[in-house]
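Next up is a structure, given as C-alpha cells.
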Amino acid sequence: MASLSAKPGQRFTVPDWQNNSLLISADTEQQRYNSHHIRQEGRALRNDTGNQARWDEHNNRTRLNDRITSLDRWREALARCLTDIDLEIDALTKVKEAAENALQAKNLCLDVAIECLTFRESRRDIDVVRDPVEEELLREVKVIEKTKKELQQRVDEAFKQLCVLKEARQQLSCDHRHKVETLELDRQCVSFNVTSGNISFKVNPTRIPDGTTALREWELNTQCNKDRAEAEMRASVDLRGAITLTIAQTNNELDAQRMATEFALRKRIRDMEAALSELRWQEQNTLEEIAEMEEEIRQLEEDLQKRTLDLKVAHTRLETRTYRPHIELCRDQAQYGLTDEVRQLEGTIRALQQKRTESQDALDALYRQLHRIQTDIGYKTNSLQLDNKCMDTRRKLVVPVEKFDPEVDAVNRTRNLPRNSQLEL
C-alpha cells in the first residue's frame, strides 16, 4: 500500500497566517495614513510657498517701481541742474573773455605812456625837469598798473570758478549717467518674469558687491552733488556781476603794466651765458672721462680674456696630470702649485669681472649725466634765445612799428640795428 509523501519545509499555523494578514492590513493602513498626511502637508506647503512667492514678487516689483520713480525724479533734477550749470559756464566764459579783452586793450595805453616817458628822457640839460606832463604820465602808468592788476585778479577768479564749475558739472554728469544706467537696469529687472528667455541661476546672487553703499549715503551723495553745483552757480553769478562791474569801472581808465626791465633781462642773459659756459666745460670734461673709462673697460676686458686663457691652461694641466699611472698619481709640489694657481686665477677673474661691472655702471652713469648736461644746455640755449628775443623786442619803443624788423643772433647776441633808430636816454 502506497504512503502519502510530506512536502519538506517550514509549516506555519493558522494563527500565524491570520496574524500575518492582520499585520499587512495594519501596515497598509498606516502607510496610507502617512501618505495622506504627507499629501496634505505638501498641499499646504505648496499653497503657502506659492502665496508667499507671489506676494514677495509683488512687493519687490512694487519696491522696484518705487525705486524707479525715485531715481527718475533725481535724474530729472540732475538734468535740470546740468542744463543750468552749462548755461552758467557759458555765461561766465563770455564774461571772462570780456575781462581778458578789456585787459588786453589796456596794453596800448601803457605802451603809449611808457613811450612818451622814454621820449622825454631824451631831454638834455635844463629841459630835464619834473613838469606837470611828466607827473601826469607817471600817474597814468600807476593807474594803468592798478586797473590791470584788478582785471587780472578778476580773470584769475573767473578761471578758478570755471574750473570749479566744470568739476561740479563732471560730478553731476557722472551721477546723472549712473542714474540713467541704474534706471535701465531696474526697468529691465521689472520686465523679468517666469517666461523671460534670459533668466538663469547665478553664482552667489545674494553677495554684497564691493563698493556697496547705504541708501542714506546714496541720498546724501546725490543731494551733496546737487547742492554743491547750485552753490557754485550762485557764486558764479556773483562773480559775473563783480567782473562786469570791474570792467565798467576800468573802461574809462588806462590798463597795462610793464612786465620786465632791461636790467633784469641783461642780468639774466649774463647768468645764462655763464651757466652755458660752465655746462659746456662740464660736457667736455665728461666726454674726456667717458673716453678714458671706455679705454679702461677695454683694458679690463683684455686682462680678463688673458686671465681666462691662463685659467684654461691651469685647468688643462691639472686635468692632464690626473691620468698619471699608479703610484705616479701623487700630490706633489706641482699639483699644489697648479691648484693654488687655479684658485688665484679664479679670484682674479672674479675681481676683474666685478671691476668691469663697476666700470660699466660708472660709464652708464657718465652717459646719463652727459645726457642731463646736454639736455640742460639745450634748455638754457633756448632760454637764452628767448631772453635775447625779449631784448630785441624792446626796440619797438625806439623803432616805428612799420619799420620794426628784428635781426638777432640769439646765441652770440649780435644785433643789426638801424642807424637812425638809436635813442639817447
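Any idea which of (1) open to solvent by less than 80 Å² (accessible area, probe 1.4 Å); (2) over 30 Å from His178 (Cα atoms); (3) not aliphatic (A, V, I, L, M) is the one Arg46 doesn't satisfy?
Unmet condition: (1).
Turning to a different aspect of this structure: Search segment 59-74 for residues being among the aliphatic types (A, V, I, L, M) and within 21 Å of Lys226 (Cβ to Cβ), and hand back the single one that is least open to solvent (accessible area, probe 1.4 Å).
Among those residues, the one meeting the criterion is Leu71.
In this structure, is Leu309 in a helix (DSSP H, G or I) and either at pLDDT 90 or above or among the basic types (Lys, Arg) (or both)?
yes
Select from segment 213-229 the residues that are among the aliphatic types (A, V, I, L, M) and either out of contact with any Lys or Arg (no Cβ under 9 Å at 6 or more places or on another chain) or open to solvent by 70 Å² or more (accessible area, probe 1.4 Å) (or both) and list them in ascending order. Give the derivation first.
Taking segment 213-229 and keeping what is among the aliphatic types (A, V, I, L, M), we get 214-215, 220, 229.
Answer for segment 213-229, where residues must be among the aliphatic types (A, V, I, L, M) and either out of contact with any Lys or Arg (no Cβ under 9 Å at 6 or more places or on another chain) or open to solvent by 70 Å² or more (accessible area, probe 1.4 Å) (or both): Ala214, Leu215, Leu220.
Among (1) open to solvent by less than 80 Å² (accessible area, probe 1.4 Å); (2) closer than 30 Å to Leu165 by Cα, where does Ser191 come up short?
(2)
Scan segment 311-328 for residues that are under 21 Å from Leu300 (Cβ atoms) and without any contact (Cβ under 8 Å) to a residue 24 or more places away in the chain and report the count.
Residues flagged as under 21 Å from Leu300 (Cβ atoms) and without any contact (Cβ under 8 Å) to a residue 24 or more places away in the chain within segment 311-328 amount to 2.
Let me ask something else about it. Tell me which residues, restricted to segment 302-328, are surrounded by 14 or more Cβ atoms within 10 Å (Cβ to Cβ) and among the charged types (D, E, K, R).
Within segment 302-328, Asp303, Arg307, Asp310, Arg317, Arg321 qualify.
Also, I was wondering about something else. For the structure I just gave you, tell me whether Lys160 is of a type outside the set (S, T, N, Q), under 31 Å from the mean Cα position of the chain (by Cα), over 30 Å from Arg73 (Cα atoms) and at pLDDT 85 or above.
yes
Can you tell me which residue within segment 329-356, out of those that are open to solvent by 70 Å² or more (accessible area, probe 1.4 Å) and among the polar types (S, T, N, Q), is farthest from Glu301 (Cα to Cα)?
Gln333
Residue check: is Ala275 free of Cβ contacts under 8 Å to residues at least 24 places away in the same chain and under 30 Å from Arg372 (Cα atoms)?
Working: free of Cβ contacts under 8 Å to residues at least 24 places away in the same chain: no; under 30 Å from Arg372 (Cα atoms): yes.
No.
Also, quick follow-up: Can you tell me which of (1) open to solvent by 80 Å² or more (accessible area, probe 1.4 Å); (2) part of a helix (DSSP H, G or I) is the one Gln10 doesn't meet?
Gln10 satisfies all of (1) open to solvent by 80 Å² or more (accessible area, probe 1.4 Å); (2) part of a helix (DSSP H, G or I) except (2).
Conditions (1) at pLDDT below 70; (2) open to solvent by less than 60 Å² (accessible area, probe 1.4 Å); (3) not in a helix (DSSP H, G or I), marked per residue:
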{"site": "Glu88", "(1), (2), (3)": "no, yes, no"}
{"site": "Lys94", "(1), (2), (3)": "no, no, no"}
{"site": "Val129", "(1), (2), (3)": "yes, no, yes"}
{"site": "Lys142", "(1), (2), (3)": "no, no, no"}
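While we're here: All but one of (1) in contact (Cβ under 8 Å) with a residue 12 or more places away in the chain; (2) assigned to a loop (DSSP other than H, G, I, E, B); (3) not polar (S, T, N, Q) hold for Pro209; which doesn't?
So the condition that Pro209 fails would be (1).
Looking at Val180 and the list (1) modelled with pLDDT of 90 or more; (2) open to solvent by less than 40 Å² (accessible area, probe 1.4 Å), which single condition is not satisfied?
Evaluating Val180 over (1) modelled with pLDDT of 90 or more; (2) open to solvent by less than 40 Å² (accessible area, probe 1.4 Å) leaves (2) as the failure.
The values are calculated or read from the model by the stated rules, or taken from the named source; none is laboratory data. Remember, it's a predicted structure, so these values are computed and weren't measured experimentally. Quick reminder, even Gly has a Cβ in these numbers, built from the backbone with ideal geometry, and neighbours come from all protein chains shown. Note: areas computed on protein heavy atoms with side chains; ligands, DNA, RNA excluded. Shrake-Rupley method; radii C 1.70, N 1.55, O 1.52, S 1.80 Å.
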